[in-house]
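**Student:** Got a structure for you, questions after.
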Amino acid sequence: MAEPVSLMEVLNGVPDPRGAQGLRHPLPSILSLTVLAVLAGMRGPESIAQFGRDHGARLAWALGFRRSKTPCKATFSTLFRALDVEAFEAALRRWIAGRLALAQDDVPRIVSIDGKRLRGSRDGEAPGVHLLAAYAPQASAVLAQLRVEASTNEHKAALELLGILPLENTTVTGDAIFCQRDVCEKITAGGGDYVFPVKENQPELLRQIALSFGSDEPFSPLRSAKTCGSAEDRRVHDER
């Protein structure tokens, strides 16, 4: 298995939106500091800048800064407004994917897709920002995310999200909203598998699943787990 790329390597590929003259800090160094600060719980330009100052010259040199003093809040704010966010997120996806502990071809990986409203994003009459994210439990990190206009559009957004994810030898999980033919076909076409729940709003599919378990009764793993230990259930099972 090839060595995973480093954070600095992937961030070197992010285009620099700043002019060539008067640059005091390398872009990969600023972005690396941003990633480290966010992983440490920082949530904005001011706290990211303070994180760099608190850790001093040793961290600055390690991240490739040309001087011992890391950028101020204004530098981060200006850069974040101009940065190519899609290119930055693509670089982070490469880095996270390379650090997955179970990234070998012969070991299954799990990716969970789910939509959530961003906390604190609602502003008066303006609705909150709704995001659909793909989460990799092995890395405890989000591989990719897309903004969704409403939760009812998560199905369509899932198709777009799956198009930028590595699906080979990957099991995709999610809630019942993603139990759609085109989503499942997208996953299997990419070499992956899926685990989605089926609810009563898909009665024919639910019936077919129940029949596959040899019973006309609606199949419920939870109910089965609760009743499988009773004496009556054991007697019926033995008679079969």
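**Student:** Quick check on Pro108: is it open to solvent by 30 Å² or more (accessible area, probe 1.4 Å), closer than 26 Å to Ala189 by Cβ and at pLDDT below 90?
**Tutor:** yes
**Student:** Taking the stretch 60-79 as the region of interest, how many residues are closer than 19 Å to Met8 by Cβ and either surrounded by fewer than 19 Cβ atoms within 10 Å (Cβ to Cβ) or not hydrophobic (A, V, I, L, M, F, W, C) (or both)?
**Tutor:** 9
**Student:** Separate question: Within the stretch 142-150, identify whether any single residue is out of contact with any Ser or Thr (no Cβ under 6 Å at 6 or more places or on another chain), assigned to a helix (DSSP H, G or I) and touching a residue at least 40 places away in the same chain (Cβ under 8 Å), and answer yes or no.
**Tutor:** Looking through the stretch 142-150, none of the residues is out of contact with any Ser or Thr (no Cβ under 6 Å at 6 or more places or on another chain), assigned to a helix (DSSP H, G or I) and touching a residue at least 40 places away in the same chain (Cβ under 8 Å).
**Student:** Output the qualifying pairs, or none if there are none: Cβ atoms under 6 angstrom, residues six or more apart or on different chains, first residue in the stretch 25-54 and free of Cβ contacts under 8 Å to residues at least 12 places away in the same chain, second residue surrounded by fewer than 20 Cβ atoms within 10 Å (Cβ to Cβ).
**Tutor:** Matching pairs, first to second residue: Met42/Phe51.
**Student:** Can I ask one more? Give me a count of the residues in the stretch 50-101 that are assigned to a helix (DSSP H, G or I) and either farther than 20 Å from Val5 by Cα or hydrophobic (A, V, I, L, M, F, W, C) (or both).
**Tutor:** Filtering the stretch 50-101 down to residues assigned to a helix (DSSP H, G or I) leaves 50-62, 73-82, 85-98.
Those still in the list that are either farther than 20 Å from Val5 by Cα or hydrophobic (A, V, I, L, M, F, W, C) (or both) too: 50-62, 73-82, 85, 87-88, 90-92, 95-97.
Within the stretch 50-101, residues that are assigned to a helix (DSSP H, G or I) and either farther than 20 Å from Val5 by Cα or hydrophobic (A, V, I, L, M, F, W, C) (or both) number 32.
**Student:** Working only within the stretch 13-27, note down all residues that are open to solvent by 20 Å² or more (accessible area, probe 1.4 Å) and under 22 Å from the mean Cα position of the chain (by Cα).
**Tutor:** Step one: list which residues in the stretch 13-27 are open to solvent by 20 Å² or more (accessible area, probe 1.4 Å), which gives 13, 15-24, 26.
Answer for the stretch 13-27, where residues must be open to solvent by 20 Å² or more (accessible area, probe 1.4 Å) and under 22 Å from the mean Cα position of the chain (by Cα): just Gly13.
**Student:** State whether one or more residues within the stretch 183-193 are in contact with a strand residue (DSSP E or B) (Cβ under 7 Å, 6 or more places away or on another chain), part of a loop (DSSP other than H, G, I, E, B) and modelled with pLDDT of 55 or more.
**Tutor:** As a first pass, look at the stretch 183-193 and keep what is in contact with a strand residue (DSSP E or B) (Cβ under 7 Å, 6 or more places away or on another chain): 184, 187, 192-193.
From what's left, part of a loop (DSSP other than H, G, I, E, B): 192.
Narrowing further to those that are modelled with pLDDT of 55 or more: 192.
Checking the stretch 183-193: at least one residue is in contact with a strand residue (DSSP E or B) (Cβ under 7 Å, 6 or more places away or on another chain), part of a loop (DSSP other than H, G, I, E, B) and modelled with pLDDT of 55 or more.
**Student:** Let me ask something else. What's the number of the only condition in (1) at pLDDT below 85; (2) hydroxyl-bearing (Ser, Thr, Tyr); (3) open to solvent by 40 Å² or more (accessible area, probe 1.4 Å) that Tyr135 fails to meet?
**Tutor:** (1)
**Student:** Right, next: Is there a residue in the stretch 202-214 that is of a type outside the set (Phe, Trp, Tyr), at pLDDT 85 or above and either part of a loop (DSSP other than H, G, I, E, B) or under 23 Å from Trp95 (Cα atoms) (or both)?
**Tutor:** yes
**Student:** In the stretch 161-176, what count of residues is obtained for those that are over 19 Å from Arg94 (Cβ atoms) and open to solvent by 60 Å² or more (accessible area, probe 1.4 Å)?
**Tutor:** Residues that pass the stated criteria total 1.
The values are calculated or read from the model by the stated rules, or taken from the named source; none is laboratory data. Note that the structure is predicted; figures quoted are calculated from it, not measured. Because the Cβ atoms are built from the backbone with ideal geometry, glycine has one as well, and the counts that use them run over all protein chains shown. Please note that ligands, DNA and RNA were not included when accessible areas were found on the heavy atoms of the full protein model with its side chains. Shrake-Rupley method; radii C 1.70, N 1.55, O 1.52, S 1.80 Å.
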